[in-house]
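Novice: First the structure, which I've put down as C-alpha cells, then a few questions once you've had a look.
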Amino acid sequence: MPIVLSELDTVSDFSTYLDEKVRAAAAFDYLSYCGEEDLLGHYFVNYDTETKRHVIGPKGKDSGKVNGVMIGEGEWRDFV
C-alpha cells in the first residue's frame, strides 16, 4: 500500500482507482494479481483513449469477450 498511496496522492486519484477496481471485480469472473503494486502498474499502463480513463483488464469493445484477468508479478517493476 505505500506505493499505491504515494502514487495516488490525491483523493480524486485514489477514489478513481478504487472505483475502477470495484468495476473490474464486478465485470470479470476472476481478477488475480500478485500484489497491489502490480495491479496499479497494470492500471497505469492501460489507458483507454475512448473513455479517457485508466482501466483494469482489456480496453474498449474487447472487454466483453473476456471473463477473467490475471496480472502477473512484476507489472509494477516493468512500469517503473
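Values in this text are rule-based calculations from the coordinates and carry no lab data. Quick caveat, the model's predicted, so the values are computed rather than measured. FYI the Cβ positions are ideal-geometry reconstructions off the backbone, even for glycines, and counts take in every protein chain you see.
Novice: To make sure I understand, if each residue's beta carbon is the centre and we count other beta carbons within 10 Å, what order do L5, L31 fall in, fewest to most?
Specialist: Details: L5 10, L31 17.
The fewest-first ordering by Cβ neighbours comes to L5, L31.
Novice: Between the DSSP loop rule and a limit of at most 12 other Cβ atoms within 10 Å, which trypsin sites (Lys or Arg not before Pro) in the stretch 2-63 are left?
Specialist: K52
Novice: So if each residue of separation counts as 0.36 nm, and I subtract the Cα-Cα distance between N67 and T51, what length gain in nm does that give?
Specialist: Working it through step by step, the gained length comes to 3.7 nm.
Novice: Okay, next question. With a 10 Å cut-off between alpha carbons and a GNM built on the chain, which of Y30, Y47, Y17 moves the most?
Specialist: Ranking Y30, Y47, Y17 by mean-square fluctuation puts Y30 first.
Novice: Sticking with this one: Compute the convex hull volume of the Cα atoms of the stretch 2-79, divide it by the residue count, and report the result per residue in Å³ as a whole number.
Specialist: 85 Å³
Novice: Still on this structure, please answer the following. Sum up the charges of everything whose Cβ sits under 14 Å from the Cβ of M1, counting Lys and Arg as +1 and Asp and Glu as -1, but leave M1 out.
Specialist: -4
Novice: Still on this structure, please answer the following. Please determine, in degrees from 0 to 90 and to the nearest 10, the orientation of helix 36-45 with respect to the longest principal axis defined by the Cα atoms of the chain, where the helix direction is its Cα long axis.
Specialist: 70 degrees
Novice: Now, a different point. Is it possible to state the helix-based mean residue ellipticity at 222 nm for the chain, with each DSSP H run of 4+ residues giving -39500 (n - 2.57), the sum divided by total residues, to the nearest 500 deg cm²/dmol? What is it?
Specialist: That comes out to -13500 deg cm²/dmol.
Novice: Given contacts defined as C-alpha pairs under 8 Å and at least six residues apart, what's the relative contact order of the stretch 17-80, whole-number percent?
Specialist: Once normalised by length, the contact order is 43 percent.
Novice: Ranked from highest to lowest mean number of other Cβ atoms within 10 Å per residue, what is the order of the peptides 7-16, 71-80?
Specialist: Packing proxy ranking, top to bottom: 71-80, 7-16.
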